[in-house]
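Student: My structure is below; once you've seen it, I'll send some questions.
The values are calculated or read from the model by the stated rules, or taken from the named source; none is laboratory data. Everything numeric here is computed off the predicted structure, so don't read it as measured data. All Cβ positions, glycine included, derive from the backbone under ideal geometry; neighbour counts span all protein chains shown. Surface accessibility is based on the protein's heavy atoms, side chains included, excluding ligands, DNA and RNA. Shrake-Rupley method; radii C 1.70, N 1.55, O 1.52, S 1.80 Å.
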Amino acid sequence: MSFFAYDATGDMQAEGVALKTIAGQVGTPFYCYSAGALRAAWQEFAVAMRGMNASVCYALKANSNLAVVKLFGDLGAGADIVSVGEMRRALAAGIPAKKIVYSGVGKKPSELMAALQAGIGQINVESSAELETLNAVAGQLGVKAAITIRVNPDIDAATHEKITTGRKENKFGIDIDLAREAYTLAGKLPNLQVVGVAMHIGSQLTTLDPYRDAIARVRGLITQLRADGHRIDRFDIGGGLGIVYADEQPPSVASFLQLVAKETDGLGCELTFEPGRRLVGEAGVLVSEVILVKPGVSRTFVVVDAAMNDLIRPTLYEAWHDIVPVRRPRPDAATIRCDIVGPVCESGDYLAQNRDLAALSAGDLIMVRSAGAYGAVMASSYNTRPLAPEVLVDGTRFAVVRPRPSIDEMLSSERFPPWMEPA
Ligand SMILES: *Cc1c(COP(=O)(O)O)cnc(C)c1O
């Protein structure tokens, strides 16, 4: 079922709400998330996990809006966080500290301290230096920190180079060949309690082969570690399952979990999954208004009021997002080849290039699909453009879950130094 579809009159709806209605009240650009789509994505995991000793920690970095996090938390999700800021979000959304996993390659002592003070459930350590630091911080607090070590299984996830994380040359995790040494160190540190192993091999994976290969390698490691005397009760598989942007055919959640169940059969580990993109990506769109159309010599530019500061994925990852008009074009409408670009002063500021779209004119609304993950969270206010608001639709209701800041609010956080004359 599609949660974003044209109604009988040709207006694009998010569930039971016309996007033009939201645009009329909220202005453009804005992000719109479908609660139904979020729940449906969650449900795929919940159903496929029945009978497994497994849990889902939603990776907040994909979309950390409090309403989105709370929606998953209310359904039983834990959280995978990469900063104390995200920890605060997970806690503020009501996710219990025990269900929070803390990942990341560069956690500061102050962040580790805050995480331990909050009582979070598990810290995935990514280096020997971090083992030592965490041990010292835990000692200061008089607590024992439950840890896994994130190992880098040296697997090519066959995804965009900027979102592959499990190859030897990536900064993440500890090389699987050095992992035994790290566990030996962890075993000697008195304030750490080893509970398992973690991996996360990349993002937007569209085949299961890299997972199979990575799990096989980590499985071998787990056997060795147990022989070395370590207790390995948990296996954190990470996230990374891909979604549809263009014509990808990512595996179903059910087939992914089946594969993991098969490859971990008999290990006796509790499994953790950390999906981000798969839970939110297709559940969100970015809606923008055409400012003007500029015919050029080699191509036509459709200048819209959303830009790279709102959605940086096309610029950063060469990502392809489907773009459709919010008002369905007539079937006989002529198409034009165009670039959809924003107003930001960068040639890299585009949402799409060389697209054949039904002719657009000033004032038309467009919808960028699959923008629910790594969209609003990566937005900036470059060019002093206010962050696009976020709207959550649930059935026929909608609410602004992050308002657009006013320019006054944006300016008010800045200061003149005391030695300057007042403006
Ligand atoms: C980013 C990240 C995830 C989520 O990745 P997705 O591709 O969005 O599923 C999970 N675990 C860790 C450690 C991450 O860094």
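Student: Compute the long axis of helix 209-227 from its Cα atoms, compare it with the longest principal axis of the Cα atoms of the chain, and write down the angle in degrees, 0 to 90, nearest 10.
Tutor: 20 degrees
Student: May I ask what percent, to the nearest 5, of DSSP beta bridges between residues of the chain are antiparallel?
Tutor: 45 percent
Student: Once the other residues with Cβ under 14 Å from the Cβ of residue 87 are scored (Lys, Arg +1; Asp, Glu -1), what is the net sum?
Tutor: +4
Student: May I ask you to order 54-63, 137-146 by the average number of other C-beta atoms within 10 Å around their residues, highest value first?
Tutor: 54-63, 137-146
Student: When we measure straight from the Cα of residue 20, which lysines land under 28 angstrom away, once same-chain ones fewer than 8 places off are left out?
Tutor: Answer for residue 20, where 28 Å is the Cα cut-off: 70, 294, listed by chain and number.
Student: Report, ordered by chain and residue number, the aspartates and glutamates lying within cross-link reach of residue 108, taken as a straight Cα distance under 13 Å and ignoring same-chain residues fewer than 8 apart.
Tutor: Candidates past the 8-residue exclusion: 126, 130, 132.
Student: Please give the solvent-accessible surface of residue 321 in Å², to the nearest 10, using a probe radius of 1.4 Å with every protein chain present.
Tutor: About 0 Å², rounded to the nearest 10.
Student: Take the Cα pairs of segment 35-277, get the Kirkwood Rh, then feed it into Stokes-Einstein at 37 °C and 0.692 mPa s and tell me D in µm²/s.
Tutor: 183 µm²/s
Student: Oh, and also: Do you know the relative contact order of the chain, to the nearest whole percent, from alpha carbon pairs under 8 angstrom that are 6+ apart?
Tutor: Numbers: 935 pairs, mean separation 80.4, N = 423.
After rounding, I find 19 percent.
Student: Taking Cα atoms, how many degrees apart are the long axis of helix 35-48 and the longest axis of the chain, rounded to 10 and kept between 0 and 90?
Tutor: On a 0 to 90 degree scale, this one is about 30.
Student: Tell me the per residue accessible area of segment 331-423 using a 1.4 Å probe; a whole number in Å² is fine. Don't skip to the answer; put the middle values down first.
Tutor: Values: 5370 Å² over 93 residues.
Here the per-residue accessible area is 58 Å².
Student: Moving on. What ³J(HN,Hα) values, in whole Hz, does the Karplus curve 6.51 cos²θ - 1.76 cosθ + 1.60 give for segment 132-147 when θ = phi - 60°, with x put for Gly and Pro?
Tutor: Computed from phi, the couplings for segment 132-147 are 5, 4, 4, 4, 5, 5, 4, x, 4, 8, x, 10, 9, 8, 7, 10 Hz.
Student: Given only helices, namely DSSP H runs of n ≥ 4 each adding -39500 (n - 2.57), what is the per-residue ellipticity at 222 nm of the chain, to the nearest 500 deg cm²/dmol?
Tutor: -8000 deg cm²/dmol
Student: Treating the angle as unsigned and between 0 and 90°, give the value, to the nearest 10°, between the Cα long axis of helix 253-263 and the longest Cα principal axis of the chain.
Tutor: Computed tilt is about 20 degrees.
Student: Roughly speaking, to the nearest percent, how much of the chain's 1.4 Å accessible area is carbon and sulfur? Could the numbers behind the result be given before it?
Tutor: On the way: 9600 of 18560 Å².
C and S fraction of accessible area: 52 percent.
Student: Follow-up question, since we're still on this one. What whole number of Å gives the distance from the Cα centroid of segment 91-122 to the Cα centroid of segment 130-164?
Tutor: Each part's Cα centre sits 13 Å from the other's.
Student: For segment 35-277, what's the relative contact order in percent, using C-alpha pairs closer than 8 Å and at least 6 residues apart?
Tutor: So the answer I get is 20 percent.
Student: Please compute the per residue accessible area over segment 187-249 with all protein chains in place, 1.4 Å probe, rounded to a whole number of Å². Kindly include the intermediate steps, with their values, before the conclusion.
Tutor: Numbers: 2540 Å² over 63 residues.
Per residue, segment 187-249 has an accessible area of 40 Å².
Student: Same structure again: Between Rg and the Kirkwood Rh of segment 49-95, both from Cα atoms, what is the Rg to Rh ratio?
Tutor: Numbers: Rg = 10.6 Å, Rh = 10.7 Å.
When Rh is taken as the Kirkwood radius, the ratio is 0.99.
Student: Take the alpha-carbon centre of segment 1-67, take the same for segment 178-252, and report the distance between them in whole Å.
Tutor: Distance between centres, Cα-based: 29 Å.
Student: With a bin width of 10 angstrom, please list the P(r) values of the chain as percents of all Cα-Cα pairs, from the 0 bin to the one holding the largest distance.
Tutor: 4, 21, 28, 23, 15, 7, 2, 0
Student: Enter the accessible area per residue of segment 27-72 (Å², integer; probe 1.4 Å; all protein chains in place).
Tutor: Values: 1450 Å² over 46 residues.
Here the per-residue accessible area is 31 Å².
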